[in-house]
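The values are calculated or read from the model by the stated rules, or taken from the named source; none is laboratory data. Because the structure is a prediction, the values reported are computed rather than measured. Positions of Cβ are backbone-derived with ideal geometry, glycine not excepted, and every protein chain shown enters the neighbour counts.
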Amino acid sequence: MAISTIAGIDFTQPAELVARQLIGMTVLVDGVGGRIVETEAYDREDPASHAFSGPTERNAAMFGPPAHAYVYRSYGIHWCLNFVCREEGHGAGVLIRALEPLAGLDQMRVRRDADDLWLLCSGPGKLCQALGVTRAHNGRALSAAPFELQPGPAGLEVVAGPRIGISKAMDVPWRFGLAGSRFVSRPFR
């Protein structure tokens, strides 16, 4: 049986709840990672979601068990890391948009060819490159290596706003961020 609760988060909840709760948590991939400071939620009923048209070979992991990774290529260039939510077969997930780099900084700098901390993980493609996330991580359980999720501090202020880089359901406020973080991909208004 798959584990659906990790570090206090029940991944069978709706994606917009999980997306908010992930803010402040630490995610590591083979010991490299940081604090989650920006997320976006997607659900199968959402026309901006990869799950909207139903299961395909590309998005199959999104319909799999909760608390697993869904990794896809964006624009054929960048890998993007999502955490699957809801019950198996539903089709929902949370895009991890940005991290505050905390662990494995030397590896991140080499992988990203950048020294500025903001440039390491301030966007989903940058984040995956810095953490070494590829299609090989697709469908993997978040409860086991190479992933590690750690709870964040209590009482963090979370802000919300419209998602970025989509052409449908642009007004849905399912982008969440750590208030005042300099590591988000774009400021919240």
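For this structure, a couple of remarks:
- Test: Asp30 is of a type outside the set (Gly, Ala, Ser), out of contact with any strand residue (DSSP E or B) (no Cβ under 8 Å at 6 or more places or on another chain), at pLDDT 95 or above and over 23 Å from Ala103 (Cα atoms): no
- Strands (runs of 3 or more DSSP E) wholly inside region 60-161 containing at least 2 residues that are on the phi < 0 side of the Ramachandran plot and in contact with a Lys or Arg (Cβ under 8 Å, 6 or more places away or on another chain): 69-74, 78-85, 92-103, 158-161
- Taking the criterion of being touching a strand residue (DSSP E or B) at 6+ places or on another chain (Cβ under 7 Å) and surrounded by fewer than 21 Cβ atoms within 10 Å (Cβ to Cβ), the residues of region 124-136 that qualify are Gly125, Gly132, Thr134, Arg135.
- Picking from residues in region 62-100 that are of a type in the set (Gly, Ala, Ser) and at pLDDT 90 or above, the one that is surrounded by the fewest Cβ atoms within 10 Å (Cβ to Cβ) is Gly89.
- Candidates Thr56, Thr26, filtered to the one that is over 30 Å from Asp106 (Cα atoms) and among the β-branched types (Val, Ile, Thr): Thr56
- So Arg182, is it part of a loop (DSSP other than H, G, I, E, B) and modelled with pLDDT under 95: no
- Output for region 11-32, where each listed residue is under 15 Å from Gly152 (Cα atoms) and of a type outside the set (Val, Ile, Thr): Ala19, Arg20, Gln21, Leu22, Gly24, Met25, Leu28
- Among the residues of region 137-186, the ones that are over 16 Å from Leu22 (Cβ atoms) and of a type in the set (Asp, Glu) come to 1 in all.
- Yes/no for Arg86 being touching a strand residue (DSSP E or B) at 6+ places or on another chain (Cβ under 7 Å) and more than 18 Å from Ser185 (Cβ to Cβ): yes
- Counted residues, region 165-189 - those being in contact with a strand residue (DSSP E or B) (Cβ under 8 Å, 6 or more places away or on another chain), crowded, with 16+ Cβ neighbours inside 10 Å and not basic (Lys, Arg): 9
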